[in-house]
Amino acid sequence: MFTNRYITRGVQSEIPIALQVFMWDCISAIPVQKDYLQIFRLSECNGKQRIVHEQEVPEYRREYLLAIPNPITAKVYVIDDGDHCTMLLAEEY
């Protein structure tokens, strides 16, 4: 699960590579069974990057605050279809 990894043009152009890598690492670190759909909500909080990582089944939620320049606001999905895993912006779905 989550082995062949791809990103869309939207992610490539709007999400800094450091955040992309961080989100892939978050998925790898999940201590419960991984759902096919991972959700990341990115926002600014007191000048820091806030990342809320969630999945529905089994229920999982974790929040991170990172000190990075220029925090962004976006909703990112990571979908695993069994053959490959794609990171995309919610509006690209």
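Taken together, the values in this text are just the output of simple stated rules run on the coordinates, not laboratory data. As the structure is a computational prediction, the values presented were derived from the model and not from experiment. Quick reminder, even Gly has a Cβ in these numbers, built from the backbone with ideal geometry, and neighbours come from all protein chains shown.
Some points to look at:
- For the range 46-93: rounded, prolate or oblate by the Cα gyration tensor [a/c cutoff 1.5]: oblate
- Prolate/oblate/rounded call for the range 22-76, Cα gyration tensor, a/c under 1.5 rounded: prolate
- Highest mobility in the GNM of the chain, judged by mean-square fluctuation with C-alpha springs under 10 Å and restricted to 16, 71, 58, is found for 58.
- Highest-fluctuation residue, 50, 62, 41 considered, GNM on the chain with Cα pairs under 10 Å: 62
- Rounded to 10°, Cα long-axis angle of helix 17-28 versus longest principal axis of the chain: 40 degrees
- Using a Förster distance of 30 Å, the FRET efficiency for residue 9-residue 29 (Cβ separation, nearest 0.05): 0.65
- Ellipticity estimate at 222 nm from DSSP helix runs (n ≥ 4, -39,500 (n - 2.57)) divided over the chain, nearest 500: -5500 deg cm²/dmol
- The chain: C-alpha gyration tensor shape, a/c 1.5 cut-off, then a/b vs b/c: oblate
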